[in-house]
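The values are calculated or read from the model by the stated rules, or taken from the named source; none is laboratory data. Just so we're clear, the structure is a prediction, and the values are computed from it rather than from any experiment. As a convention, Cβ positions derive from the backbone with ideal geometry for all residues, glycine included, and neighbour counts pool all protein chains shown. For the accessible areas, the whole protein counts, side chains as well, though only heavy atoms, and no ligand, DNA or RNA atoms are used. Shrake-Rupley method; radii C 1.70, N 1.55, O 1.52, S 1.80 Å.
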Amino acid sequence: MKKLINDPKNVVNDAVAGFEAAHGDIVRISHDPVYIVRNDAPVQGKVGIVSGGGSGHEPLHGGFVGYGMLDAAVPGAVFTSPTPDPILAATQAVDGGAGVLHIVKNYTGDVLNFETAADLASAEGIDVRAVIINDDVAVKDSLYTAGRRGVAGTVLVEKITGAAAERGDDLDAVVTVAEKVNSRVRTMGVALTPCVVPHAGEPSFVLADDEIEIGIGIHGEPGRERIKLEPADAIVDRLLGPILEDLPFVSGDEVLLFVNGMGGTPQIELYIVFRRAAEVLKEKGITVTRSLVGNYTTSLEMAGTSISVLKLDDELTGLWDAPVQTAALRWGR
Amino acid sequence: MKKLINDPKNVVNDAVAGFEAAHGDIVRISHDPVYIVRNDAPVQGKVGIVSGGGSGHEPLHGGFVGYGMLDAAVPGAVFTSPTPDPILAATQAVDGGAGVLHIVKNYTGDVLNFETAADLASAEGIDVRAVIINDDVAVKDSLYTAGRRGVAGTVLVEKITGAAAERGDDLDAVVTVAEKVNSRVRTMGVALTPCVVPHAGEPSFVLADDEIEIGIGIHGEPGRERIKLEPADAIVDRLLGPILEDLPFVSGDEVLLFVNGMGGTPQIELYIVFRRAAEVLKEKGITVTRSLVGNYTTSLEMAGTSISVLKLDDELTGLWDAPVQTAALRWGR
Amino acid sequence: PTLDTAWTVRWIRRSAEVLAANRAALNTLDREIGDGDHGENMDRGFQAILPKLDALPDETTPGAVLKLVATTLISTVGGAAGPLYGTAFLKASGAVGDAEWVDAAALVSLLAAARDGIVLRGKADEGDKTMIDAWTPAVNAALSAQAAGTGVDVVLLAAADAAARGAQATEPLVARKGRASYLGERAIGHRDPGSQSTSLLLRAAFDVLATA
Amino acid sequence: PTLDTAWTVRWIRRSAEVLAANRAALNTLDREIGDGDHGENMDRGFQAILPKLDALPDETTPGAVLKLVATTLISTVGGAAGPLYGTAFLKASGAVGDAEWVDAAALVSLLAAARDGIVLRGKADEGDKTMIDAWTPAVNAALSAQAAGTGVDVVLLAAADAAARGAQATEPLVARKGRASYLGERAIGHRDPGSQSTSLLLRAAFDVLATA
Ligand SMILES: Nc1ncnc2c1ncn2[C@@H]1O[C@H](COP(=O)(O)OP(=O)(O)O)[C@@H](O)[C@H]1O
Ligand SMILES: Nc1ncnc2c1ncn2[C@@H]1O[C@H](COP(=O)(O)OP(=O)(O)O)[C@@H](O)[C@H]1O
Ligand SMILES: [Mg+2]
Ligand SMILES: [Mg+2]
Ligand SMILES: [Mg+2]
Ligand SMILES: [Mg+2]
């Protein structure tokens, strides 16, 4: 394991300190308990948006704290949900009197810890609601499992919901927007190489030199199936098929196409993936009107990609286009 | 070699087509010869800024085409300078009557091919000037070599020079700004793992499990020395020392600190690097007033980082802050 | 043997030792069908308890110790295991109340309350390939032993043995809760890490009794 | 033997074959002290020439063939080698002018002009560990042979042999131009890839003469 780290136990603390040093114009940091909060929090009268989860997916979530997106992010240890204390503290820090929304990826640990924090915050009189993100179509038979996982689609939920809160929507309306985005976005990923959790020091799984894992999770959890490496276009077709069938997306839809890098994949490859995905959508009569390409929901140094497709309408497009000013996503200001 | 590609020979073409599909709001693409040009080029009366070089360093340079930065980028084959034809065509496409600046990283191939293109463009009556970027302090004895290499500092030159052109500076003034930035920025990098050029199919160099390469180039060229892996803070100190001595940077300076990812390094590690670099600068009385962290000048999937420090003054800070709208760098609009 | 405050403290200390020793092994189990951090999570939580045990007031009850464990786990472990074990210890603490020691009947209540707490939060059934597959057999075995009129040592041993068998019995299962549920058939042949840590915890409870 | 248009075309075709066969070997040399693409670059350039050779008009001169090679290399190779070899062939073309065939004296001028073109663009001195270290000995050997009154075959053989020795002699050198110059002492022990491709090109020039 070769990493640019000091003590594996300090990875998150060191990184958060670096984030603070780099982005003091956008965020403030609480170091104990650890959370990242928008510089001007709490914004009076605005619904506060808090997300969080295990570290190792950067820029998710800290990179999305700022005007028009998240009010706070709570990073846990690498790939481990944060505990309730920092979630509670972050919730308090962003409460501007209009209530707080928790955006939670659907993992047992995240759900339970956010639940506990929400209970504690409610007990202190804060109106807290949660939306659980589960955009990953790789998980089958979700009725009989912990359900589908929350993966890269989370970025789109955070951006659009953040814009709704910023324009002044009340808590109910913000929840409705978040649920709407979650219900209209589908994602599937592939891994070419595993990642190495710093404290573990070993790869999270092993792939042969000619193998890839279709349907990989963002913590290196194995996916749907392990197959031989194929040309990029064939891999894209494998990812896009289940995505398009699931909603389903149909001819005439306008969509946002998001090609996400898992952390270790060169950008040039992400654009090769985007090319084919856009081509397939076009063949099906689906119009790509917005796009996002880059490392936005990563799994440390894993090589791989995920494709997300979000069915847009005028409201979602408008909220997507609204100004945002975070470390990792910025436009309009 | 596992990559999300189709035919290795089509890597650049496929990626450029994907870039076009994703960023049609910002750029237009010429496919034969291949170059990427700002949507509204040529901008009448504005100095055109063209850069380019081998592919594999994305988002450099295509990701920086757009308002406030480059007018065109010319991607060569992976790690291979483009030929004069596309450089000439891009130069013609961005000439708005005020002349064109070529921003060229200091590699023999880039310098020679841009030189030939400039000769051809001049022969057609376009006023072309070139600035050669050589920010890499890893190369010693530069008097007796091909000189220092142009590495990540190029991004800063492109941003600031682009802003100068956008505000209406004439060609002489734009050249002066570019040279000023180049003269005030210093960079050094480290590799933890090599990269694999698609057509080669083999790693560009071999590092043992506990070895790192200090002073690596952005094409996987070996660097100053190969040492055993050390904690991140110690590695940062090794990179920053030669940078600060070289200009030199001194107490009282205001700087832009840029921690660049080589492509395969998780963002969390880049922030660990940033933390220490900012700490060292602070100890030396140097103030970090602007920062940039991320994968901006990459070497395919290489794991590693480079640190760049740019000595700011009011003019450069103002130009840095000026609006920019490109695929990879965007603010103010 | 008496399950008093001293036993409770010894149990938790021994658990911390055993989890530290099994950190890598639990990580490996979790890497195979989860995300590889279960050993890390449990070790972090129990290490955080140790200094607090040292700072406990002289006059304290088993229930108070269990509550301290609960709150510390909740605030340091994270992941799925943090809230689940945290709730388990919280409910266990509630079950023993202010008593100065735990008799066999109270021990059964303690274990049942812990298990019920986990089910309340995690909604897992037996056979879902989770820590419940260690807890439920343990509770059942403890109940049988206590009903047969045995002492706390035999009850604890029965619980620990049943948990160990329960953990092993997760191996052939397909998971329906937790991260392993994403794997479908591919989870078969791997032991659930949470059931293994449960087995380690209950074994420690007996071991410190035997070695007191 | 005569160095006419047919020879020139055969030379370039053979060069394309030899470079394709040595693609990986040249990449490897370049990977060791550069960026690993020299074989790829040269192969791409010479493959691009082949269809153009087929399309040449019947009436053409050695100089016109060399010019076609030059422009094709310039517009397809990129990197350092593209402009350098491009300029070399351009100057070589200029040196032979409209002649229908190249005699020994013209051959020496051709080689010298090629070498001078490379120096003009790349500013390398002998001993800088570049392709010049193959070209300059080749030019000198050709000149000596021609001065001694030998035929074009002997002149070409002398050039090819000298280039081969020159390429080999780059191995102990520290580089002062090109990417290898960044390496300092670490370039020692590795052959310069451009000197090797020069040696291959000049050998091909002789070989197609011998086998005509
Ligand atoms: N819904 C649930 N009910 C009971 N136990 C569960 C549930 N979900 C997960 N677990 C237990 O938690 C263990 C994983 O804990 P841990 O690895 O620490 O958390 P995470 O899965 O968040 O990484 C599993 O092995 C399983 O025993
Ligand atoms: N300034 C120079 N003068 C002469 N030859 C040079 C010079 N710089 C580089 N070369 C030659 O070019 C070769 C490298 O070519 P190539 O690998 O195709 O280009 P690049 O270095 O751009 O990747 C070197 O081996 C060397 O022989
Ligand atoms: Mg976890
Ligand atoms: Mg090259
Ligand atoms: Mg786990
Ligand atoms: Mg090369």
(request) Please specify each residue of segment B:224-282 satisfying the condition of being among the β-branched types (Val, Ile, Thr) and without any contact (Cβ under 8 Å) to a residue 12 or more places away in the chain. (result) B:Ile268
(request) For D:Arg186, indicate whether it is on the phi < 0 side of the Ramachandran plot and not in a helix (DSSP H, G or I). (result) no
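What number of residues in segment B:4-23 are in contact with a helix residue (DSSP H, G or I) (Cβ under 6 Å, 6 or more places away or on another chain) and assigned to a loop (DSSP other than H, G, I, E, B)? Don't jump to the end; show me each part of the working.
Keep residues of segment B:4-23 that are in contact with a helix residue (DSSP H, G or I) (Cβ under 6 Å, 6 or more places away or on another chain), which gives B:4-6, B:14-15, B:17-19, B:21-22.
Now restrict to residues that are assigned to a loop (DSSP other than H, G, I, E, B): B:4-6.
Result for segment B:4-23: 3.
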(request) Mind telling me which of the residues D:Asp4, D:Asp98, D:Asp30 ends up being away from ligand 1 (no atom under 16 Å from the Cβ), open to solvent by 20 Å² or more (accessible area, probe 1.4 Å), acidic (Asp, Glu) and touching an Asp or Glu at 6+ places or on another chain (Cβ under 7 Å)? (result) D:Asp4
(message) Please go through (1) within 13 Å of another protein chain (Cβ to nearest Cβ); (2) surrounded by fewer than 24 Cβ atoms within 10 Å (Cβ to Cβ); (3) farther than 26 Å from B:Met262 by Cα for B:Gln92 and return the number of the only condition it doesn't satisfy.
(response) (1)
(request) Evaluate the following for A:Gly68: is it open to solvent by less than 30 Å² (accessible area, probe 1.4 Å), on the phi > 0 side of the Ramachandran plot and away from chain C (no Cβ under 14 Å)? (result) yes
(request) Determine which single condition D:Pro62 fails, assuming it passes every other condition in (1) closer than 29 Å to D:Arg176 by Cα; (2) open to solvent by less than 20 Å² (accessible area, probe 1.4 Å). (result) (1)
(request) Considering each of B:Ala121, B:Ala77, B:Ala73 in turn, give the residue that is within 13 Å of ligand 2 (Cβ to nearest atom) and of a type in the set (A, V, I, L, M, F, W, C). (result) B:Ala77
(request) Sort out which residues of segment B:275-307 are under 22 Å from the mean Cα position of the chain (by Cα), closer than 27 Å to B:Ala208 by Cβ and at the interface with chain A (Cβ under 10 Å from one of its Cβ atoms), and write them in order of number. (result) B:Ala277, B:Asn295, B:Thr298, B:Ser299, B:Leu300, B:Glu301, B:Met302, B:Ala303, B:Gly304, B:Thr305
(request) Any residue in segment B:98-121 that's within 9 Å of another protein chain (Cβ to nearest Cβ): show its pairings with residues that are in a strand (DSSP E or B) at Cβ separation under 7 Å, as long as the two are six or more apart or on different chains. (result) B:Asp110/B:Gly53; B:Asp110/B:Val104; B:Val111/B:Val104; B:Val111/B:Ile132
(request) Within segment B:49-89, track down each residue that is over 15 Å from the mean Cα position of the chain (by Cα) and either in the same structural domain as B:Ser299 (by TED's automatic domain parsing) or in a helix (DSSP H, G or I) (or both). (result) B:Pro84, B:Asp85, B:Pro86, B:Ile87, B:Leu88, B:Ala89
(request) Give the residues of segment B:88-125 that are of a type in the set (D, E, K, R) and closer than 18 Å to D:Ser75 by Cβ, sorted by residue number. (result) B:Asp110, B:Glu115, B:Asp119, B:Glu124
(request) Looking only at segment C:168-189, count how many residues are within 11 Å of chain A (Cβ to nearest Cβ) and within 13 Å of ligand 1 (Cβ to nearest atom). (result) 10
(request) Determine which member of the set C:Ile188, C:Ile132 is surrounded by fewer than 17 Cβ atoms within 10 Å (Cβ to Cβ) and under 27 Å from A:Gly223 (Cβ atoms). (result) C:Ile188
(request) Return yes when D:Ala70 is under 26 Å from D:Ala158 (Cα atoms) and either more than 14 Å from every other protein chain (Cβ to nearest Cβ) or in a helix (DSSP H, G or I) (or both) and no when it is not. (result) yes
(request) Just need a number here: residues in segment C:75-86 that are buried (at least 24 other Cβ atoms within 10 Å of the Cβ) and without any contact (Cβ under 8 Å) to a residue 40 or more places away in the chain. (result) 4
(message) Looking at the structure I just gave you, is A:Pro33 open to solvent by 10 Å² or more (accessible area, probe 1.4 Å) and more than 16 Å from ligand 1 (Cβ to nearest atom)?
(response) yes
(message) Suppose the filter is modelled with pLDDT under 95, open to solvent by 10 Å² or more (accessible area, probe 1.4 Å) and more than 16 Å from ligand 6 (Cβ to nearest atom); does C:Ala55 pass it?
(response) yes
(request) State the number of residues belonging to segment A:166-200 that are free of Cβ contacts under 8 Å to residues at least 40 places away in the same chain and part of a loop (DSSP other than H, G, I, E, B). (result) 1
(message) For segment A:105-152, which positions are away from ligand 5 (no atom under 16 Å from the Cβ), under 21 Å from A:Thr83 (Cα atoms) and of a type in the set (Val, Ile, Thr)?
(response) A:Thr116, A:Ile126, A:Val128, A:Val131, A:Ile132, A:Ile133, A:Val151
(message) Step by step: first the residues of segment A:209-231, then only those that are out of contact with any strand residue (DSSP E or B) (no Cβ under 9 Å at 6 or more places or on another chain) and either facing chain C (nearest Cβ under 8 Å) or over 20 Å from A:Ile243 (Cβ atoms) (or both), then the one that is least open to solvent (accessible area, probe 1.4 Å). Which residue is that?
(response) A:Glu221
(request) Taking C:Thr5 as the residue in question, decide whether it is of a type in the set (S, T, N, Q), away from chain A (no Cβ under 14 Å) and away from ligand 5 (no atom under 16 Å from the Cβ). (result) yes
(request) Please work out which one of (1) open to solvent by 40 Å² or more (accessible area, probe 1.4 Å); (2) out of contact with any helix residue (DSSP H, G or I) (no Cβ under 8 Å at 6 or more places or on another chain); (3) more than 11 Å from chain B (Cβ to nearest Cβ) is the condition A:Arg330 fails and give its number. (result) (3)
(request) Check off (1) touching a residue at least 24 places away in the same chain (Cβ under 8 Å); (2) within 16 Å of ligand 4 (Cβ to nearest atom) for D:Asp98 and give me the number that stays unchecked. (result) (2)
